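The values are calculated or read from the model by the stated rules, or taken from the named source; none is laboratory data. Computed from a predicted structure; not experimentally measured. Here the Cβ positions follow ideal geometry from the backbone for every residue, glycine too, while neighbour counts run over all protein chains shown.
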Amino acid sequence: MPSPTQLAQKISKSPTIAMNDKAKELAAEGHAVIGLAGGEPDFDTPAHIVDAAVKAIRDGETRYAAPSKGIQPLLEAIAQKLERDNALRVNPSSDIIVTPGGKLALFLALKALVDPGDEVLIPAPYWVSYPSITTMVGGVPVTVETSSADNYRLRLDQLREHTSDRTKVIIINSPCNPTGHMISSEEIEAIATLALENDLYIISDEIYAKLNFDGRPAVSLSSLPDIADRVIVVDGVSKAYAMTGWRLGWLAGPSSFMSVAGMFNSQTATAAATFTQHAAVAALTGPQDCVEEMRQSYEERRDFMVQAFNGIENMSCPDIEGAFYAFPKVDETSKSSEEVANIILEESLVVGVPGNAFGVTKDAHIRFSFAEDFNKLKEAVERIRAIADKLA
Ligand SMILES: Cc1ncc(COP(=O)(O)O)c(C=O)c1O
């Protein structure tokens, strides 16, 4: 019998899904599980966006989208957003590809950039999908591990140490899943220097950019004139507009890469769903107070989570600058993050994702989403507090 591709052996099931499966098993047995392993807003999609989709369906917008790279009003809305938020001027007709979700946008960006054996620098803690997608396109993921003790700072000397003549791309995610870290002006300078020294491309994953805290907006690498032509922006409506199930993302960057990514998009997805694209136009061009309300709510929950975890003996939770995840760690422990996550699941019925899933090798971190009901968050933290001595 023929066997699946050799690449398949290098890719493991998402640890987030594995933890969720385990939690579902416990819930099916009747246990009161609190699931904080996922990564999606607990809000409903705002009504005016839903209305735009319903209207589009009723108007017959149910055929293949044309052009396959995205309907013109959406390409224009994305171009306006990039000009407004990133100070980046792009040609909507040649520099943007709309995809069914930001994840596919990332896949297409890497597929357009990476030849087999090319290396991709991935700062850790990283979003779980970066190494897998890199491997799926034939690239080699190279992890650059940062630490909470150093405020997850990316340093130029460390980046240089991990760069070789096969390095082609660096992936930057700011605000970061799982840490919430936002790149500082020093880090921006380091990344720009590295990219220019080594002729690298930068994939800037900005999916959480609208969810930033303390009045400090996220700065996009694409806003730097010296490197703008090396930056491919990956973004989408999933997180900012509570639209995870709609599957709508995009990539934007140099037209030579966009034409390749567009070809791969049309040969795989064909196009994002037509009425979803109309909904995304309503999201990007309609009132933005819904985004601000959700952001404020995440900020309140962030305040609670940071304070609550820091109040548990032997646990610490650095400040969170954006996104909606807490990434606390057990300070003094001989246990791995997987062991800690399993104890928390089994003893307190709270589901988090162990830090090793995000490329953390040194400390016992666990990621908990706080895009959840406040009462559930309070209950989860209380349960963890009650078993904290078992984590040491
Ligand atoms: C860092 C990061 N980038 C991209 C995505 C992709 O989001 P989507 O495919 O829903 O647009 C996610 C989703 O969890 C994410 O956490």
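When residues in region 109-137 are screened for being part of a loop (DSSP other than H, G, I, E, B) and more than 13 Å from the ligand (Cβ to nearest atom), 6 of them pass.
When you check Glu61 against the structure, is it farther than 25 Å from Glu339 by Cβ, out of contact with any strand residue (DSSP E or B) (no Cβ under 7 Å at 6 or more places or on another chain), in a loop (DSSP other than H, G, I, E, B) and away from the ligand (no atom under 16 Å from the Cβ), yes or no? Yes: the conditions hold for Glu61. Scanning region 78-108 for residues that are part of a helix (DSSP H, G or I) and either within 16 Å of the ligand (Cβ to nearest atom) or not assigned by TED's automatic domain parsing to the domain that holds Asn173 (or both) yields Ile78, Lys81, Gly102, Lys103, Leu104, Ala105, Leu106, Phe107, Leu108. Does Leu251 satisfy the criteria of being part of a helix (DSSP H, G or I) and either at pLDDT below 95 or closer than 19 Å to Ile207 by Cα (or both)? Considered against the rule, which asks whether it is part of a helix (DSSP H, G or I) and either at pLDDT below 95 or closer than 19 Å to Ile207 by Cα (or both), Leu251 comes out as no.
If I filter region 26-45 for residues that are within 28 Å of the chain's Cα centre (by Cα), assigned by TED's automatic domain parsing to the domain that holds Leu377 and assigned to a helix (DSSP H, G or I), do I get at least one hit? Yes, that holds for at least one residue. Take region 325-352 and flag every residue that is out of contact with any strand residue (DSSP E or B) (no Cβ under 6 Å at 6 or more places or on another chain) and under 28 Å from Ser174 (Cβ atoms). Within region 325-352, just Ser336 meets the criteria. If you check Ala109, Ala149 for being at pLDDT below 95 and hydrophobic (A, V, I, L, M, F, W, C), only one passes: Ala149.
Note on region 274-392: enclosed helices (runs of 4 or more DSSP H) holding 2 or more residues that are in contact (Cβ under 8 Å) with a residue 24 or more places away in the chain and within 20 Å of the chain's Cα centre (by Cα) are 274-285, 289-310. Residues of region 322-356 that are more than 16 Å from the ligand (Cβ to nearest atom) and of a type in the set (Ser, Thr, Tyr): Thr333, Ser334, Ser336, Ser337, Ser348. Tyr208 falls short of the stated requirement of being among the hydroxyl-bearing types (Ser, Thr, Tyr), away from the ligand (no atom under 16 Å from the Cβ) and buried (at least 22 other Cβ atoms within 10 Å of the Cβ).
On inspection, Ile97 passes the criterion of being in contact with a strand residue (DSSP E or B) (Cβ under 7 Å, 6 or more places away or on another chain) and buried (at least 19 other Cβ atoms within 10 Å of the Cβ). Checked against (1) touching a residue at least 24 places away in the same chain (Cβ under 8 Å); (2) farther than 16 Å from Thr270 by Cβ; (3) of a type outside the set (D, E, K, R), Gly60 meets all criteria but (1).
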